[in-house]
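Please read the structure below before turning to the comments.
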Amino acid sequence: MAQKRHLLSINHIKFQLYYSTVPANVTSNNLLVDLLVNSVGFSRKKAISTSTKVTFLKPGNNKPTLVLDFFKQIGLHKPQIKSLVFAHPGLLFTSVDKTLRPKIKVLQELGLSGSELASVITISSALCHTSLATCIRNLDYLREVLGSDDDSVAMVIKRLPWLLTQNLPKVMPPNLLLLKKVGFSSMDIKKFFLSRPLGMIKKPEWLEGVVCRVEKDFCIPRGSPMFKHGVEAIVSYAESTLKVKVEIFRSFGWSDTDILTMVQKLPYCLTASEVKLRNGLKFFMNELGYDTSYIASHPSLLKLSLEKRVLPRNEIFKLIKEKQLIRTKLCFYTVVSYSESKFLENYVLPFRNEVPELYDLYIKSKS
């Protein structure tokens, strides 16, 4: 009878050990904390916090050590591993041979390594739980769409790693068909996909809505060279967001005609942030006195960096005019449109003797 009670007691302990409602038993939890501190470089506080996110710890589980060794083998540095484990501690309990190694090999064959590889895994931990067959099927489909160009495929995957977890052969064809219908060539589609990959996997109704807004709201016909740019510019924005941006222009006294002129000339103006638009309009209209029609016909002004290009060059522009260093009439639009090297060559370096501090003033204003 005593022996029976002893066996029951042992079984009860085992049941508590493996089926407890507690997230992890104390021994295993402590072992994981020690591993995170000693092998990954976590502080003890951070290690304890991270360990509580793992709810399937068991005594004797050596997967974390195997996973860490594997990450080192594929060339990840300690800071990359640390960042990866902190974001997705569950990866430590993934099978190296069945799950990690085959998928990492597929990514390596695309040319991904080091920080790029770590970034892809960090952004999409779901990748490690997606079947290898699904990953390969999606990669093959991407090659088909992008013209068997692995560099382009890698570029898309680096931007949106979770694409490999989707059913791309089912999701993308309706959007591809729509783009072809409205005049996109294979090369146009490739460029669109590389710059706006998310737009290719949205519901077809969304893309149809974008096409409609470009044609009807902004009056850019399908035959216009700007039509494709219009679709690319607004595909990532909700209609409500675009309305807010349009209202910013109206608040500065722009007419609908001015706004349409700007968008038709350069749809990408709508991709600028609300802060950038307001600051740009304040400077060009309030400081320089440009009217709405001038800015609408020179929309690239609103895409330039105010802090790094426009303001520093304006300082040089004013100084050159004050000292009458150039006799010909200067146009500020031309000044800010030049490349950096051409700007220095034309408006800074030639006047080092007359104004020795000109170059230093320009560099300082840029910083």
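Some notes on this structure:
- Of everything in segment 117-163 that is of a type outside the set (A, V, I, L, M) and touching a Gly at 6+ places or on another chain (Cβ under 8 Å), the residue that is surrounded by the most Cβ atoms within 10 Å (Cβ to Cβ) is 125.
- Among residues of segment 119-151, those that are in a helix (DSSP H, G or I) and in contact with a Phe, Trp or Tyr (Cβ under 8 Å, 6 or more places away or on another chain), counted: 5
- Filtered residues of segment 319-358 (kept if aliphatic (A, V, I, L, M), in contact with a Leu (Cβ under 9 Å, 6 or more places away or on another chain), farther than 22 Å from residue 289 by Cβ and outside any loop (DSSP other than H, G, I, E, B)): 349, 358
- Pair list, Cβ under 8 Å, 6 or more apart: segment 27-39 residue under 19 Å from residue 70 (Cβ atoms), other residue among the aliphatic types (A, V, I, L, M) and at pLDDT 90 or above: 35/68; 39/68
- If the condition is being more than 12 Å from residue 249 (Cβ to Cβ) and loosely packed, with under 14 Cβ neighbours inside 10 Å, then segment 266-287 contributes 273, 275, 282, 286, 287.
- Residue check, residue 124 without any contact (Cβ under 8 Å) to a residue 40 or more places away in the chain and within 21 Å of residue 74 (Cβ to Cβ): no
- Only one of 326, 316 that is more than 35 Å from the chain's Cα centre (by Cα) and outside the structural domain of residue 257 (by TED's automatic domain parsing): 326
- Complete set of residues in segment 287-306 that are under 24 Å from the mean Cα position of the chain (by Cα) and free of Cβ contacts under 8 Å to residues at least 12 places away in the same chain: 305
- Test: residue in segment 291-299 that is touching a Ser or Thr at 6+ places or on another chain (Cβ under 8 Å) and either of a type in the set (A, V, I, L, M, F, W, C) or in the same structural domain as residue 336 (by TED's automatic domain parsing) (or both): yes
- Scanning segment 306-330 for residues that are out of contact with any helix residue (DSSP H, G or I) (no Cβ under 9 Å at 6 or more places or on another chain) and not charged (D, E, K, R) yields a count of 2.
- Entry remark, segment 198-229: residues being surrounded by fewer than 16 Cβ atoms within 10 Å (Cβ to Cβ) and either under 22 Å from the mean Cα position of the chain (by Cα) or charged (D, E, K, R) (or both) number 7 in total.
- Matching option when the condition is closer than 25 Å to residue 46 by Cβ and under 22 Å from the mean Cα position of the chain (by Cα), among 100, 127: 127
- Candidate set: segment 335-367, residues that are among the β-branched types (Val, Ile, Thr), within 14 Å of residue 311 (Cα to Cα) and modelled with pLDDT of 90 or more; chosen: the one surrounded by the fewest Cβ atoms within 10 Å (Cβ to Cβ): 335
The values are calculated or read from the model by the stated rules, or taken from the named source; none is laboratory data. Here the structure is a predicted model, which is why all the values come from computation and not from measurement. Note that each Cβ is placed from the backbone with ideal geometry, even for glycine, and that neighbours are counted across all protein chains shown.
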